[in-house]
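Reviewing the structure listed below.
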Amino acid sequence: MKYIDEYRDGELARGIAARIAGQLRPDRRYHFMEFCGGHTHTISRYGIAELLPASVRMIHGPGCPVCVLPIGRIDQAIALALDRGVTLCTYGDVMRVPASDELSLLRAKARGADIRMVYSAADALGRAREHPDREVVFLAIGFETTTPPTALVIRQAAKEGLGNFSVLCNHVLTPSAITHILESAEARQYGAVPIDGFIGPAHVSIVIGSAPYEPFAERYRKPVVIAGFEPLDVMQAIAMLVRQVNEGRAEVENEFVRAVTREGNRAAQAVVAEVFELRSSFEWRGLGEVPFSALQIRPEFAAFDAERRFGLVYRPVPDHKQCECGAILRGVKRPSDCKLFGNVCTPETPVGSCMVSSEGACAAHYSYGRFRDIEVRAT
Ligand code: SF4
């Protein structure tokens, strides 16, 4: 196939659904987690859950970068902008994530803080160059997909000797989060999640390759199929997962061969390794503290690390009492289980982070699935 609409062909999708149905064993159910928020969006937008047979259930995972950012990290950014007078630059979705004291970056901006939406890390660097009299901080978030551009701007700032630019780093790692979902005591406290296999992320895997999932698949006996973001990619990945489960295999397979290799993007990996090192622990919204699941800036680039530059101390902040984002991000609950879903909490008035980004499970269900009982069979 050459064109994007060919990956959205309804007839072909129905054909794959029929093939999946023909493969299913009548004596069992199948539970697959799509880790990535991009896949959650695709599943909701194209009604994939409705196409699947009743015994196949998709569980949403924690792979939405905005959703997993804890309140304490947003609070740090707001404090930098409101109290320390920096120009804070970040991506659009982050601006609306609720923080402490009924604030968000957008509301802090309305109070006079200099907070700017940027499309890229390079935009933030450009602002620092253009305004040498201002301290510019880039609030960096995201998985392995957005990490290389952040590494590049830090390296470039060091090369130019920019004295007014730094990064508040919140980059997180996919494989450690998947592992944590399966083994942490904290996750188990919310109930066991029956997961028979994972749809592996698309863009993340372009960078890291398929190899990092291999030890995980082998150790936990869970198949992983890396899939592209189009509906036929996701359907095909589900068919591949069903086949692996039926055959008793737990391997890493790559549906997204048009973009993902086993090795990934070596140049991107090299620049990330040059600028970042592992953090010993990082708090994820929904997963709590996860060891070695995030990156921090290496001491060699300390001058560009906003945490060091401004002496920031992290303070965890609990989520809104009625928000179920934590359980949803662990795949234990569904958006419709939350009492606030669709009434108090909407994309215009988000109470929790899962309602902010289009990749968030609550936002995806609100936009595409709230009037359809698409999960009534997922019991
Ligand atoms: S609907 Fe809103 S309050 Fe409820 S879990 Fe989702 S984001 Fe949280």
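The values are calculated or read from the model by the stated rules, or taken from the named source; none is laboratory data. Just so it is clear, the structure is predicted and the values come from calculations on it, not from any experiment. Backbone-built Cβ (ideal geometry, glycine too); neighbour counts: all protein chains shown. When the accessible area is computed, the model is the full protein with side chains, heavy atoms only, and any ligands, DNA or RNA have been set aside. Shrake-Rupley method; radii C 1.70, N 1.55, O 1.52, S 1.80 Å.
Listed values, structure above:
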read-out	value
Inverse mean reciprocal Cα-Cα distance (Kirkwood Rh) of region 188-332, Å	17.8 Å
Coarse-grained scattering of region 93-148 at q = 0.14, 0.16, 0.23 Å⁻¹, given as base-10 log I(q)/I(0) from a Debye sum over alpha-carbon atoms	-0.45, -0.58, -1.02
Distant-in-sequence amide H partners of V252 (H built 1.01 Å from N, under 5 Å)	V224
0 to 90° range, to nearest 10: angle between helix 10-23 axis and the chain longest Cα axis	60 degrees
In Å², nearest 10: area of R258 left accessible to a 1.4 Å probe	110 Å²
For the chain, the fraction of alpha-carbon pairs in successive 20 Å shells from zero, as %	29, 57, 14, 0
Spin-label pair R298/A18, simplified geometry with 7 Å Cα→Cβ offset, distance in nm	5.6 nm
Descending semi-axes in whole angstrom, ellipsoid equivalent of region 106-209, from the Cα gyration tensor	35, 18, 11
Within the chain, percent of DSSP bridges classed antiparallel, to nearest 5	20 percent
Residue-count net charge about R155 - beta-carbon cut-off 12 Å; Lys, Arg +1, Asp, Glu -1	-1
R84/V317 FRET efficiency (R0 22 Å; Cβ-Cβ; nearest 0.05)	0.70
Sites matching trypsin sites (Lys or Arg not before Pro) across region 18-118 that sit in DSSP coil, with at most 12 neighbouring C-beta atoms within 10 Å	R28, R111
Quotient of C-alpha Rg and 2.2 N^0.38 Å, computed over region 1-119	1.55
Cα-projected label distance for S280 with D9, points at 7 Å along beta-carbon direction, nm	5.5 nm
Rounded to the nearest 20 debye, dipole of region 123-179 from Cβ charges on Lys, Arg, Asp, Glu	80 debye
